[in-house]
Every structure is written in C-alpha cells, then in structure tokens.
Amino acid sequence: MSEPANGYGLSTRSVHAGDCRDPQGAIHPPIYPHSTFAFASTADLLDVVEGRKAGSLYTRYGLNPTICALEAKLADLEGSEHALAFSAGMAAEAATFLAHTRSGEQIICIGDVYGGTFELLGDNLPQIGITTTFLRADEIDRLPSVLTGNTSLVFLETPSNPTLEIFDIAAIADQARAAGALTVIDNTFATPVNQNPLRHGADLVVHSATKYLGGHSDLTAGALMGSAELLAPVAIWRKNLGQMIAPEVASQLARSIRSLPVRVHRQNDTAAAVAAFLSTHPRVVQVNYPGLATGQKKLIVDTQMRGGGGMLSFVLDSTAEQTAAVVDRLQLFSIAPSLGGVESLVTQPSTTTHHGLDPVERAKRGITDGMIRLSVGLEDAGDLIADLAQALDS
C-alpha cells in the first residue's frame, strides 16, 4: 500500500484543516446563514469584488465564511490547491463537464459509473453537442485509439460502481495528457483516506460528498478538488447554475469530515472481513472487492490505494427474484440506494443505481440480476457476517 502524505497525519488534518477561531472563540467555524455581507465602504466592497482581498460577499458566489472553511478542508483531504463545494455530486460533475468541454468535443468515460452519470453523459450532454465515448473495463486497451485532439477529458471511477473495477490512474492520466485531455477521477468509493488521485497524475477529483465525506446519510453535497486554474471556470458554472452548497450543509459536512478517517478505517476492516466470508460461501460465484485483487490488479491497488474501502459487490447464480429474496431477508443491512454511512446498506444495482441502463448494456458490464452491492457501515463485523449467512442459507 502507498504511504500517506508528509506532515500532519490525515486524522489531525481532518479535524483542523480550514478551521479558524471567530472573535467569540467558537471551537469550529460557525454557520453564517446569511445570503449577503455588508462593507464599511465602496472601496472595501470593490477590493473583494475585484479580487484584491479575500472576503465574504454573496453566498451564491461561494463567498461565505462557512463555505470557504469547508473548501479549505476539502482541498487538504486531496492535497489540492483549491476545492469547490456543491449542492450534490452530480452538480459537481455537470459543472466540470460544462466548464471544460465545448460543443463538438468529446468526453471519454471509462468503466462503470453511477447511473446518473451515465444519463448525464449519454442523454443530457448530447443535447448541447457534447458527446461521450464509453469504454467498458475490458476495452481499456482502446483508449489510445479513441483519444483525439477533440477529446476534452477522460472520466472514470476507481473503484467503480458497482463492479469495484480498479484502473491504473497514472497510466490513464499519462495517455490523456499526451492527447491534450484532462483526467477527472470520481474518488467517492475510495475516499481520500484510501486514495489520492492527484498524486497519481489526475487533474481533477470529484466526490459525491453525500456518501463517505458526509458519512451519516443526513446531507446531500458534492465536491471538486484540483488546481485553482482548472477550478476557476467551474466556479462560474456553479455560480450561474445555482449549484452552491448551503452554509448549513457546509457546516454539517465539515463536522462529518472530522471523523472521516476513523470511520473509513473501521469500514475498511469490516468490509475486508465480509468480503473474505462471502468469497468462501457456496452460493456466491464472484466477490468484487479491491482487497481481494490478484495479479496486475493487485499491483495497481498496492500502488495507488491505502485500503480496500467499505464498498463491495458479489454475484449469485440466481434470478432477479431469487436475489431479491436474499436481500429481503437481511436484517441489519437496510435496502437503500446510497452508500458510505455509518449504517450498512444493500441494493441490487439492477433495481436502483443502474436500473435505467439498458439490460443488454448491463449484462455486457457484468451487472447481472444476481449482483448485490453492499455498503458496509460501523456495525460489528461478526453481526454483519451472521446476517448475510442467514439470508444466504435460508
């Protein structure tokens, strides 16, 4: 496994990065719910408007102290120069694609991604002249041939949703850079605890902060990390599309990030135990989990990841109805289409995250009717394993 960054450890930085004391001595940045902020003079206002001084101005622009404190914490997590907070992960993706792609240009999407991302790339963006070439994981060797001077960016998840496919970030980023394209990585599944794509050559990192960064299934948010230069045009789209995170949610997200390493380390350990159990169960024909990778995939995991994460999927040799019966017998895993919270969740991707994907395309991608995806929470590993055992053996 790769080593963490130098300096303060991640747990220390997750607590303190971006924080500053207000005049009242609040231990963390307070919530500023205000939509606008006043100035002592026109000269002071213009200093902020024209960028000569940092300051608060108007919350929809992101110039709100609660939001700015969160963004400093987000940037620190991924080791980036800057970060932008959004109302949702899909807002972060949409603004990124719109800021860095023009009509007539193409995006390349590698491997499996969230169903909403498929819809955005495949249905929405073509309406304004932005097309996407989709490459399945088994088609990665085609990347050099589909990269052209018209390619704006390469987008992928690693590990991917829901097959937990692992991709070599450095190799893909090198190929994209040679063609003049950006590399954008969705790091939601891995989290910054387990992986930092910018360190391996990615240009931008996006998160659905609703998931692990929020970690309690009680907020909706997104994040984008990268250089100030690359984030500047994205910020304009965020402003004009009204995608700004609310200050109240920003404060709630910053609170959650303070416990991120503790939560994710526990989820790593528990998911690894669950994956090991499932890999020996006679009804399970396949387990998808980075910690079980072998051969070349294991080399990639060891190079770019520090833990396997809390997500896994497994496949039964069963019909959709038989698989649903297993899911319905689970008692500790709640049936819900999200992930990354303290509670364990279960879904059949064919009924939730990838329900809108054409069944033929789902089959090509290995997203079968017998696939079950687990988001492992903070419960005791033995209890979760016992719950899976009774559901599989009934």
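The values are calculated or read from the model by the stated rules, or taken from the named source; none is laboratory data. The structure displayed is predicted, hence computed values, not measured ones. All Cβ positions, even for glycine, are placed from backbone atoms using ideal geometry, and neighbour counts span all protein chains on display. Only protein heavy atoms, including side chains, enter the accessible area calculation; ligands, DNA and RNA are left aside. Shrake-Rupley method; radii C 1.70, N 1.55, O 1.52, S 1.80 Å.
Placing +1 on the Cβ of each Lys and Arg and -1 on the Cβ of each Asp and Glu in the chain, which of 132, 190, 74 has its Cα farthest towards the positive end of the resulting dipole?
Result: 74, furthest along the dipole toward the positive end.
Would you compute, from DSSP H runs of 4+ residues alone, the mean residue ellipticity of the chain at 222 nm, taking -39500 (n - 2.57) per run and dividing by the full residue count, rounded to the nearest 500? If you can, show how the numbers build up before the last one.
Details: 15 runs with 147 residues, N = 394.
It comes out at -11000 deg cm²/dmol, rounded to the nearest 500.
Report, to the nearest 10°, how far helix 65-78 tilts away from the longest principal axis of the Cα atoms in the chain, using its own Cα long axis and a range of 0 to 90°.
So the inclination is approximately 50 degrees.
Which one, 245, 366, 351, projects farthest toward the positive side of the charge dipole computed for the range 235-390 from Cβ point charges (K/R +1, D/E -1)?
Result: 245, furthest along the dipole toward the positive end.
What share of the DSSP beta bridges in the chain is antiparallel, in percent to the nearest 5?
Values: 24 of 44 bridges.
The answer is about 55 percent antiparallel.
D for the range 67-163, whole µm²/s, Stokes-Einstein with Kirkwood Rh over alpha-carbon pairs at 20 °C and 1.002 mPa s: what number?
Details: Rh = 14.6 Å.
Estimated diffusion coefficient is 146 µm²/s.
Considering only protein heavy atoms and a 1.4 Å probe, what is the carbon-and-sulfur percentage of the accessible area of the range 7-152? Walk me through the numbers on the way to the answer.
On the way: 3780 of 7060 Å².
It is 54 percent, rounded to a whole number.
Dividing the alpha-carbon Rg of the range 85-237 by 2.2 N^0.38 Å yields what? Can you show the working numbers first?
Details: Rg = 14.2 Å, N = 153, 2.2 N^0.38 = 14.9 Å.
Normalised by 2.2 N^0.38 Å, the Cα Rg of the range 85-237 equals 0.96.
Relative to the longest principal axis of the chain, what angle (0 to 90°, nearest 10) does the C-alpha long axis of helix 320-329 take?
Helix 320-329 and the main axis of the chain meet at about 70 degrees.
Once you keep just the Cα pairs under 8 angstrom separated by 6 or more residues, what percentage relative contact order results for the chain? All intermediate terms of the calculation are to be shown ahead of the outcome.
Working: 802 pairs, mean separation 71.9, N = 394.
Answer for the chain is 18 percent.
So if the hydrodynamic radius of the range 155-208 is defined as the Kirkwood radius over C-alpha pairs, what does Stokes-Einstein give as its diffusion coefficient at 4 °C and 1.567 mPa s, in µm² per second?
Values: Rh = 11.0 Å.
Roughly 118 µm²/s, to the nearest whole number.
Could you give me the radius of gyration and the Dmax of the chain, taking only the C-alpha atoms into account and expressing both in angstrom?
21.2, 73
Can you check what the Kirkwood hydrodynamic radius comes to for the range 1-80, Cα pairs only, in Å to one decimal? Working shown, then result.
Working: mean 1/r = 0.0689 Å⁻¹.
Result for the range 1-80 stands at 14.5 Å.
For an R0 of 30 angstrom, estimate the FRET efficiency from the Cβ-Cβ distance between residue 363 and residue 259 and round to the nearest 0.05. Don't skip to the answer; put the middle values down first.
Working: r = 39 Å, r/R0 = 1.32.
Taking R0 as 30 Å, the efficiency between residue 363 and residue 259 is 0.15.
Compute the angle between helix 89-100 and the longest alpha-carbon principal axis of the chain, please, reported from 0 to 90 degrees and rounded to the nearest 10.
60 degrees
Quick one: compute the contact order of the range 247-379, relative version, from alpha carbon pairs under 8 angstrom and 6+ residues apart, as a percent. Provide the component values of the computation, followed by the final result.
Working: 188 pairs, mean separation 34.2, N = 133.
The normalised contact order for the range 247-379 reaches 26 percent.
Provide, in order from the shortest bin, the percent of all Cα-Cα pairs of the range 247-394 in each 5 Å bin, continuing until the bin that contains the maximum pair distance.
That works out to 2, 9, 17, 21, 19, 15, 10, 5, 2, 0, in percent per bin.
Would you kindly state the longest site-free stretch of the chain, with sites defined as trypsin sites (Lys or Arg not before Pro) in a DSSP loop (not H, G, I, E, B) surrounded by at most 13 other Cβ atoms within 10 Å? Intermediate values should be presented prior to the final figure.
Numbers: sites that count: 21, 52, 53, 102.
Formally, the longest exposed-site-free interval is 103-394.
Give, rounded to the nearest 20 debye, the magnitude of the charge dipole that the chain has about its Cα centre when Lys and Arg contribute +1 at Cβ and Asp and Glu contribute -1 at Cβ.
On the way: 27 positive and 41 negative charges, 114 e Å.
Result for the chain is approximately 540 debye, rounded to the nearest 20.
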